[in-house]
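Peer 1: Okay, handing you the structure first.
The values are calculated or read from the model by the stated rules, or taken from the named source; none is laboratory data. Note that the structure is a prediction, hence the values are computed from the model and not measured. A quick note on method: Cβ atoms are made from the backbone with ideal geometry, for glycine too, and the neighbour counts reach across all protein chains shown.
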Amino acid sequence: MSTVQPDSEPPADALSPTVPRMILGNRLHRFREAAGVTPDRAGYEIRASRSKISRMENGRVGFKERDVADLLDLYGVTDEETRARLLALARQATAGGSFTVLRFGDADVPDIVYLEQLTSALYLDKREDVDHYLEVMNQLSAEALTPVETARFLAEIIRET
């Protein structure tokens, strides 16, 4: 969660599920190469183009679970634990990003929560909605790993998949 002034742009990393996209894209790229499958063939199998496969493998687009499952089948990935982890990453990579709380200096103007989804954005300005999201984020922040622990955790996930 980040808090910004209303005249500034929300930070890009607060609005997109970049890390899961990059991890999943990297895993799919490795599996594709290990299976000897060309990007053209992979694209054909999921009714997409070669460039879409490139964008997926580079973490620049979201993922449909069905496409990830089809690619895993094509690449011969049968281990259920690996498949479950990668499909969970696909859900995270497609989910809406974090939210940003816009705070105003004037007490008469309510705080606003900015939520970004894949194709749209939403502003919540009802006090109870803002308070709910702040409470959730405070809870998550209290339980979150430190940046160093997060980096170790992500490195471990990459090694395991």
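Peer 1: If I go through the range 1-47 residue by residue, how many of them are in a helix (DSSP H, G or I) and modelled with pLDDT of 70 or more?
Peer 2: The number of residues fulfilling the criteria is 25.
Peer 1: Could you look through the range 56-74, keep only residues that are over 13 Å from Leu24 (Cβ atoms) and touching a helix residue (DSSP H, G or I) at 6+ places or on another chain (Cβ under 8 Å), and pick out the one that is surrounded by the fewest Cβ atoms within 10 Å (Cβ to Cβ)? Can you show your working first?
Peer 2: First, the residues of the range 56-74 that are over 13 Å from Leu24 (Cβ atoms): 66, 70, 73-74.
If we keep only those that are touching a helix residue (DSSP H, G or I) at 6+ places or on another chain (Cβ under 8 Å) as well, we get 70, 74.
Values: Asp70: 15, Leu74: 17.
The selected residue is Asp70.
Peer 1: Thr100: within 20 Å of Met22 (Cα to Cα) and at pLDDT below 80, yes or no? Talk me through it step by step, then tell me what you get.
Peer 2: Working: within 20 Å of Met22 (Cα to Cα): no; at pLDDT below 80: yes.
Here the answer is no, as Thr100 does not meet what is asked.
Peer 1: Right, another one. State all residues of the range 130-154 that are of a type in the set (Gly, Ala, Ser) and exposed (fewer than 11 other Cβ atoms within 10 Å of the Cβ); if no residue qualifies, say none. Let's see the steps before the verdict.
Peer 2: Within the range 130-154, the subset of a type in the set (Gly, Ala, Ser) is 141-142, 144, 151.
Answer for the range 130-154, where residues must be of a type in the set (Gly, Ala, Ser) and exposed (fewer than 11 other Cβ atoms within 10 Å of the Cβ): Ser141, Ala142.
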